Amino acid sequence: MNSRIHANITKADWVVVALAIAVLPVLYIKFWSHGSVFAETVQLNIPGQSIQNLSLRENQTLKVEGPLGITTIEVRDGKVRFVDSPCPGKQCIHAGWLSVDGDFAACIPNHISLLVAGSDFTVDTINF
Amino acid sequence: MALLVCLFVAACSKDEAPHVHQERIVAFGTLVDVSIYGADADDVATATEKLHSEFNRRHTLWHAWKGGELYQANLLLREGQPAKVSQETIVMLQKARAISDRSGHLFNPAIGSLVALWGYHADELPTGPPPPAAEIAKLVKKSFTLDDLTFSGNEIIPRRPGITLDVGAFAKGYAVDHAIDLLRAMGINNAIVNAGGDLRAIGSKGDKAWRVGIRHPRQTGLLASLSVHDNESVFTSGDYERFYIHNGKRYHHIIDPRTGYPAPDSTSVTILRADAATADGSSTALMIAGPKDWTRVAKALGLEYVMLVDTELNVHLTPAMAERIKFEVDPKPVTVIETLD
């Protein structure tokens with residue numbers, strides 16, 4: 001019986017089985033590991049442009065232009081924040097660091113917003 | 001066997017996230033998210049542009065402290081003079097009055113003077129101190145409601161001087177309803193319009209329901225989430241939206257017309273129902289009603305789905321809402337399920 005099954009398995013089958021085993025760790029990390037609370041991407045919205053996804057793993061300082069002038073955004077160690085903005089209330093800066101899925105802050109006067117939304121973020125929009 | 005594995009992999013890959021166009025614009029003095037499924041990019045761009053201009057038009061029309069139609073009308077009404085406005089303003093105010101009446105005037109767009117006294121008729125948040133108690137008491141005593149107005153053709157006629165209208169707790173919901181009407185008229189039947197966190201959804205994302213996250217009132221991230229069906233609105237009012245802290249006490253923008261002070265007993269209220277305008281006014285009314293009285297007011301307003309977070313962060317829910325809500329915090333909050341009998 002065993003030998004008959006063995007005889008029916010082709011080389012292509014072994015290749016598929018080997019590939020399936022090789023891809024298992026990747027699938028496990030993608031679908032089953034929820035150890036990380038922190039997200040890996042932030043949606044940056046700039047007037048007149050479509051929403052951009054920035055990696056929270058790449059430290060950088062961005063200067064983006066809105067109707068009032070330049071807003072400075074900092075990405076550092078998995079977090080993002082408004083550093084400077086030409087708005088009167090500075091509420092965007094007071095929001096501080098954002099790092100968890102669903103965290104958001106906006107500079108309404110300068111039309112720039114940040115929404116942390118990693119691959120685990122399963123909602124389409126936020127009620128607040 | 002190789003064929004079987006390939007078929008299995010192909011079947012799995014069909015479960016990809018459906019394509020949703022998302023546009024984020026600034027309109028109505030807030031962020032407006034428009035999510036559209038199943039339309040081409042040109043239609044999405046046209047629809048977004050249309051919504052943008054329509055939101056901005058209504059925002060100007062009904063702004064409480066910048067020189068639009070309602071602001072101009074307030075100048076006359078305060079003096080006891082009749083004010084001529086557009087028919088759409090009359091229709092909006094009539095709908096607001098119906099909801100205000102049903103809420104026992106806890107939702108009350110006639111307390112503009114009180115809101116202004118607290119400093120919330122300004123682009124910048126007030127910093128305190130709170131207004132003098134005597135001035136608050138003086139305005140509360142006048143107990144203005146929309147029933148102090150009569151509507152005749154395009155005219156608003158006040159029964160007595162002193163009234164100031166502020167439709168901040170209603171106009172956004174009303175505008176969201178009209179935005180959805182506009183999308184439908186353009187043949188778009190699967191969308192969410194989210195204006196500053198308050199939204200109405202139509203259709204779905206193919207075979208998946210739209211999913212909405214509800215912000216935690218006291219920490220970053222989400223408190224809960226729920227799936228919304230075709231033609232449902234989700235509105236949240238909270239004490240974290242516009243507030244200042246003075247001597248360690250929070251003074252937010254949702255003013256109880258009975259006391260003249262910010263509603264003290266609720267942190268946030270989320271309402272789910274079909275029309276956004278009613279959901280908007282109702283969430284304000286229930287914030288003011290608080291954890292001891294919300295069931296009575298919810299029943300009067302004909303609500304079925306309500307979630308109220310009190311100041312201890314305990315969550316009060318109607319049975320229908322409890323079935324829909326999935327908490328996104330660990331540990332889950334203490335919940336109290338209350339019927340509307």
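For the reader, a short list of remarks on this structure follows.
- Looking at region B:38-113, the helices (runs of 4 or more DSSP H) lying wholly inside it that each contain 3 or more residues that are over 18 Å from the mean Cα position of the chain (by Cα) and hydroxyl-bearing (S, T, Y) sit at B:41-61.
- Filtering region B:126-145 to residues that are within 28 Å of B:I99 (Cα to Cα), in contact (Cβ under 8 Å) with a residue 40 or more places away in the chain and either within 14 Å of another protein chain (Cβ to nearest Cβ) or assigned to a helix (DSSP H, G or I) (or both) leaves B:I136, B:A137, B:L139, B:V140.
- The residues listed here are B:D198, B:D230; of these, the one that is modelled with pLDDT under 95 and on the phi < 0 side of the Ramachandran plot is B:D198.
- Hey, B:S233 part of a strand (DSSP E or B), open to solvent by 10 Å² or more (accessible area, probe 1.4 Å), more than 9 Å from every other protein chain (Cβ to nearest Cβ) and touching a strand residue (DSSP E or B) at 6+ places or on another chain (Cβ under 9 Å) or not: no
- Check on B:I188, of a type in the set (V, I, T), closer than 30 Å to B:V20 by Cβ and in contact with a helix residue (DSSP H, G or I) (Cβ under 8 Å, 6 or more places away or on another chain): yes
- Count of residues meeting criterion [more than 18 Å from B:S204 (Cβ to Cβ), at the interface with chain B (Cβ under 7 Å from one of its Cβ atoms) and part of a strand (DSSP E or B)] in region A:111-125: 1
- Cβ-Cβ contacts under 6 Å between residues 6 or more apart (or on different chains), taken from a first residue in region B:59-77 that is in contact (Cβ under 8 Å) with a residue 12 or more places away in the chain to a second residue that is charged (D, E, K, R) and in a loop (DSSP other than H, G, I, E, B), are listed as B:A64/B:D166.
- Pick from region B:98-143, criterion surrounded by fewer than 18 Cβ atoms within 10 Å (Cβ to Cβ) and among the charged types (D, E, K, R), ranking: nearest to B:L301 (Cα to Cα): B:D101
- Qualifying residues in region A:64-77 (those that are assigned to a loop (DSSP other than H, G, I, E, B) and surrounded by fewer than 15 Cβ atoms within 10 Å (Cβ to Cβ)) - the one nearest to the other protein chains (Cβ to nearest Cβ): A:P67
- Selection within region A:78-103 - within 10 Å of another protein chain (Cβ to nearest Cβ), in contact with a Leu (Cβ under 8 Å, 6 or more places away or on another chain) and buried (at least 16 other Cβ atoms within 10 Å of the Cβ): A:C87, A:Q91, A:L98, A:S99, A:D101, A:G102, A:D103
- Filtering region B:157-176 for residues that are of a type in the set (A, V, I, L, M), surrounded by 20 or more Cβ atoms within 10 Å (Cβ to Cβ) and over 17 Å from B:I111 (Cβ atoms) leaves a non-empty set.
- Within the option set B:G290, B:G238, B:G281, being buried (at least 21 other Cβ atoms within 10 Å of the Cβ), more than 14 Å from chain A (Cβ to nearest Cβ) and either out of contact with any strand residue (DSSP E or B) (no Cβ under 8 Å at 6 or more places or on another chain) or not acidic (D, E) (or both) holds for one residue only, B:G281.
- Qualifying residue in region B:188-206 (condition: more than 28 Å from B:Y251 (Cα to Cα) and away from every other protein chain (no Cβ under 14 Å)): yes
- Criterion (hydroxyl-bearing (S, T, Y) and loosely packed, with under 15 Cβ neighbours inside 10 Å) met by exactly one of A:T41, A:T61: A:T61
- Every residue from region B:207-222 that is open to solvent by 30 Å² or more (accessible area, probe 1.4 Å), facing another protein chain (nearest Cβ under 7 Å) and either among the charged types (D, E, K, R) or farther than 12 Å from B:V329 by Cβ (or both): B:R211, B:R215
- Considering (1) part of a strand (DSSP E or B); (2) at pLDDT 95 or above; (3) not aliphatic (A, V, I, L, M), the lone condition that B:G281 does not fulfil carries the number (1).
- Selection status of B:R24, surrounded by 15 or more Cβ atoms within 10 Å (Cβ to Cβ) and more than 26 Å from B:A209 (Cβ to Cβ): no
- Residue tally, condition at positive phi and in contact with a Gly (Cβ under 9 Å, 6 or more places away or on another chain), over region A:74-127: 2
- Listed conditions (1) within 24 Å of A:T122 (Cβ to Cβ); (2) at pLDDT 55 or above; (3) within 11 Å of chain A (Cβ to nearest Cβ) are all met by B:A39, apart from (3).
The values are calculated or read from the model by the stated rules, or taken from the named source; none is laboratory data. Computed from a predicted structure; not experimentally measured. Every residue, glycine as well, gets a Cβ built from its backbone with ideal geometry; the counts of neighbours run over all protein chains shown. Calculation scope for accessible area: heavy atoms of the full protein, side chains included, ligands and nucleic acids excluded. Shrake-Rupley method; radii C 1.70, N 1.55, O 1.52, S 1.80 Å.
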